[in-house]
Amino acid sequence: MPVAGPGEAAVQIRYGGICGSDLHYWRHGRVGDFYLREPLVLGHEVVGTRLDDGVPVAVYPATVCGQCPSCREGRANLCAAVRYLGSAALMPHVQGGLADVLVVPADQVVPLPAGLDLLTAAVAEPASVAWHAVSRIGDVRGAAVLVAGAGPIGALVVAALRTAGAGYVVVTDMASAPLERAKALGADAVVDVAGMTPDDVAAAVRGEYGVDAAVESSGTSAGLGACVRAVRRGGRVVSLGLLPPGDSPFPGNLVVTREIELVGTFRFQQPQFREVLDALADGSLQTGPVVSHVLAATEVAEAFPLAGDPNLSGKVLLDLAAGGAADGATDGAAR
Ligand SMILES: NC(=O)c1ccc[n+]([C@@H]2O[C@H](COP(=O)([O-])OP(=O)(O)OC[C@H]3O[C@@H](n4cnc5c(N)ncnc54)[C@H](O)[C@@H]3O)[C@@H](O)[C@H]2O)c1
Ligand SMILES: [Zn+2]
Ligand SMILES: [Zn+2]
């Protein structure tokens, strides 16, 4: 049982989301350039109750240095010395949150706003990724936006675009179940791009002049190519999906001749995490069908393959409190 030291808090974890990076560590022992050099507890999408007072909380997963140029210019999501839960980037690794009890710096433990339950709050981490990505577009009120890829992250981008007041949201994917979830979250149009070239995709989504902005959420260079082709002249592409290792081809000449603004987006800052929790609490951010399954921690061997198949699942949560013989509450069933 880990014990909180000075300035730390212990959290009894209730729900933890399984993320693409967790799946990479599980399948390949690595994510991009980070590979396992010692045992690693996975998980960075966790909520629970603070042990000392029982208050329901969400855990902000980044410990930032406060000293580096990024921290000092108010972009702590780019901290050069960040420690992120459940990551092999550093040695020793930063152990993650899919555990009974997690000890973190006390200022990373955020009490849930009134009226927000732990299950709804469990998507706060990936929703904050989406929230920050949408903020990288700028003012989206009334704008036409393409979201390429409707996995859990793309679906949450759709939800965040709705909250931010986008006028028209069109979503692509090559699997039907993610497109159904995107529709349920308020996408105006969905396009199944299986077998289509990036040019075909762009033609199908851009309308007369092109969409105002696009968020690449598939992690493929085909998705990025479609986004660059689909935005209008002077439009903005936010590159969110992590591309395969190495260099990725994209239509660079269109970036030049159409003055397309191609920007990255990476994680989020703690104030945005709090904004997302508030928006989940007051209902202005609706993530309903994003979570497709809640499994007991004892069913982890089923939960990981399930989380890895976009046709079978959206976001899969583990319930760290379930799984006892008497507990049939989650039972691996779809919610
Ligand atoms: N930048 C960040 O801070 C950040 C944070 C978290 C995740 N990510 C990345 O975001 C991406 C999405 O995460 P996820 O968990 O939703 O992943 P996911 O794999 O569950 O979803 C990707 C979706 O894209 C679809 N797809 C594949 N090729 C496509 C194409 N050419 N066009 C349209 N759709 C296509 C897939 O069918 C799938 O539904 C991943 O690359 C992940 O690494 C980035
Ligand atoms: Zn994640
Ligand atoms: Zn820093």
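The values are calculated or read from the model by the stated rules, or taken from the named source; none is laboratory data. This structure is a prediction, so every number in the text was calculated from the model and none was measured. Don't worry about glycine lacking a Cβ; one is built from the backbone with ideal geometry, like all the others, and counts go over all protein chains shown. The protein model used for the area step is the full one, side chains on, heavy atoms only, and it has no ligands, DNA or RNA in it. Shrake-Rupley method; radii C 1.70, N 1.55, O 1.52, S 1.80 Å.
Computed quantities for the displayed model
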| item | result |
| --- | --- |
| Residue satisfying condition, being closer than 14 Å to residue 128 by Cα and of a type in the set (A, V, I, L, M, F, W, C), within set 294, 276, 300 | 276 |
| Only one of 150, 194, 187, 155 that is of a type in the set (A, V, I, L, M, F, W, C) and not in a loop (DSSP other than H, G, I, E, B) | 155 |
| Contacts under 8 angstrom Cβ, first residue in the range 145-170 being of a type in the set (Phe, Trp, Tyr), partner open to solvent by 10 Å² or more (accessible area, probe 1.4 Å) and modelled with pLDDT of 95 or more, 6 or more apart | 168/143; 168/144; 168/188; 168/189 |
| Members of the range 20-30 that are of a type in the set (A, V, I, L, M, F, W, C) and open to solvent by 30 Å² or more (accessible area, probe 1.4 Å) | 26 |
| Of all residues making up the range 252-269, the number that are polar (S, T, N, Q) and more than 16 Å from ligand 2 (Cβ to nearest atom) | 2 |
| Out of 42, 36, sole residue that is under 17 Å from residue 85 (Cβ atoms) and away from ligand 2 (no atom under 16 Å from the Cβ) | 36 |
| Only one of 234, 223, 252, 246 that is over 20 Å from residue 151 (Cβ atoms), under 24 Å from the mean Cα position of the chain (by Cα) and not polar (S, T, N, Q) | 246 |
| When residues of the range 38-72 are limited to those that are in contact (Cβ under 8 Å) with a residue 60 or more places away in the chain and of a type in the set (D, E, K, R), the one most open to solvent (accessible area, probe 1.4 Å) | 50 |
| Strands (runs of 3 or more DSSP E) contained in the range 198-301 and holding at least 2 residues open to solvent by 30 Å² or more (accessible area, probe 1.4 Å) | 231-239, 261-264 |
| Residue identified as at positive phi and within 16 Å of ligand 3 (Cβ to nearest atom) among 7, 43, 32, 66 | 66 |
| Test set (1) open to solvent by less than 20 Å² (accessible area, probe 1.4 Å); (2) more than 24 Å from residue 307 (Cβ to Cβ); (3) not polar (S, T, N, Q) - residue 17 fails condition number | (2) |
| Conditions (1) in a loop (DSSP other than H, G, I, E, B); (2) within 16 Å of ligand 1 (Cβ to nearest atom): number failed by residue 77 | (1) |
| In the range 126-144, the residues that are more than 16 Å from ligand 2 (Cβ to nearest atom) and touching a Ser or Thr at 6+ places or on another chain (Cβ under 6 Å) | 136 |
| Subset of the range 73-90 (residues that are open to solvent by 60 Å² or more (accessible area, probe 1.4 Å) and within 16 Å of ligand 2 (Cβ to nearest atom)) | 83 |
| The range 218-248, subset touching a strand residue (DSSP E or B) at 6+ places or on another chain (Cβ under 6 Å) and small (Gly, Ala, Ser), residue nearest to residue 260 (Cα to Cα) | 235 |
| Flag for residue 123 being open to solvent by less than 20 Å² (accessible area, probe 1.4 Å), of a type in the set (Val, Ile, Thr), farther than 26 Å from residue 293 by Cβ and within 16 Å of ligand 2 (Cβ to nearest atom) | no |
| Restricting the range 161-193 to residues that are in contact with a helix residue (DSSP H, G or I) (Cβ under 9 Å, 6 or more places away or on another chain), open to solvent by 20 Å² or more (accessible area, probe 1.4 Å) and small (Gly, Ala, Ser), the residue that is farthest from residue 273 (Cα to Cα) | 189 |
| Condition met for residue 80 (small (Gly, Ala, Ser) and in contact with a strand residue (DSSP E or B) (Cβ under 7 Å, 6 or more places away or on another chain)) | no |
| Matching residues, the range 28-46, being part of a loop (DSSP other than H, G, I, E, B) and of a type in the set (A, V, I, L, M) | 36, 40, 41, 42 |
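Quick grid of which residues meet (1) of a type in the set (Phe, Trp, Tyr); (2) assigned to a helix (DSSP H, G or I); (3) open to solvent by 20 Å² or more (accessible area, probe 1.4 Å):
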site	(1), (2), (3)
110	no, no, no
119	no, yes, yes
127	no, yes, no
130	no, yes, no
139	no, no, yes
146	no, no, no
159	no, yes, no
